[in-house]
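Working notes for the structure below.
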């Protein structure tokens, strides 16, 4: 019996109109939030750093650390780049940090990032149409249809950077640095989508062809007594997986 290959579904991300990140007609920024752990479960997290970076110039518009009101169980330093001394010496109250973030954003701003919806709405409580205009999610624009599994494959920021920007990924992260990574990934996507369809297809094929390195949660399912969630979750808290 012969089998027919089924055409992959259309990636709706490609049909959308995107602002030019190098043109200031529509302000584009990247935003990232880093959290520390306040308990043993993977959802026991508290905002500890917020950064906003201009997509056109890569200038840091806001980079604030947040003073913690709860006891910190782990600073998750390999994942966040944050330590106790930084928060104690540079941390400010969350309300003040949010004021600074809102001061560099507005209803016309397009915000790009990895997991950006969770960052702006869940962690920061920002409102679409008031604090920002629109969002662009890196996992959405760089997702790839995987014929082997008949589903979309999505990738970590580290994998995107390693494959597409030909840059070694630092073992530590920080919010401002992760913003710059998202900006460069969005610039690349915009250029390929606008001018080089074959290049975009090749970039996506490369993401599938190169095996991702194990994530932090796979390497350390429990770090300093804190569950890291994902498929290795052992704490029993709700876990959601990308399809």
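With n ≥ 4 as the cut-off for DSSP H runs, can you work out [θ] at 222 nm for the chain, using -39500 (n - 2.57) per run divided by the number of residues, rounded to the nearest 500?
-8500 deg cm²/dmol
Rounded to whole Å, give me the distance from the Cα center of the range 125-181 to that of the range 12-26.
Here the answer is 16 Å between Cα centres.
Listed highest first by mean packing, meaning other Cβ atoms within 10 Å per residue, what order do 184-196, 78-90, 153-165 come in?
In decreasing order of mean packing, 184-196, 78-90, 153-165 become 153-165, 184-196, 78-90.
How far is helix 94-103 tilted, in degrees, relative to the longest principal axis of the Cα atoms in the chain, given as a value from 0 to 90 rounded to the nearest 10?
Here the helix axis deviates by roughly 50 degrees.
Nearest 10 degrees is fine. How inclined is helix 197-209 to the longest principal axis of the chain, computing both from alpha carbons?
Taking the Cα atoms of the chain, the angle to 197-209 is about 70 degrees.
Once you've got the GNM for the chain with C-alpha springs shorter than 10 Å, pick whichever of 15, 205, 48 has the biggest mean-square fluctuation.
Highest fluctuation among the options: 15.
Report, to two decimal places, the Cα Rg of the range 49-127 normalised by 2.2 N^0.38 Å (N = number of residues).
Scaled against compact globular proteins, the figure is 1.15.
Counting only C-alpha contacts under 8 Å and six or more residues apart, can you give the relative contact order of the chain as a whole percent?
This gives 22 percent for the chain.
Among 128, 231, what is the fewest-to-most ranking by other Cβ atoms within 10 Å?
If I rank by nearby Cβ atoms, fewest first, I get 231, 128.
Compute the Kirkwood hydrodynamic radius of the chain, taking the inverse of the mean of 1/r over all pairs of distinct Cα atoms, and give it in Å to one decimal.
Over the chain, the inverse of the mean reciprocal pair distance is 19.1 Å.
Against the longest principal axis of the chain, how steep is helix 175-195, in degrees 0 to 90 to the nearest 10, with axes from Cα atoms?
Computed tilt is about 20 degrees.
Only the coordinates and a few stated rules stand behind these numbers; no lab work does. These numbers were taken from a predicted model, which means no experiment stands behind them. FYI the Cβ positions are ideal-geometry reconstructions off the backbone, even for glycines, and counts take in every protein chain you see.
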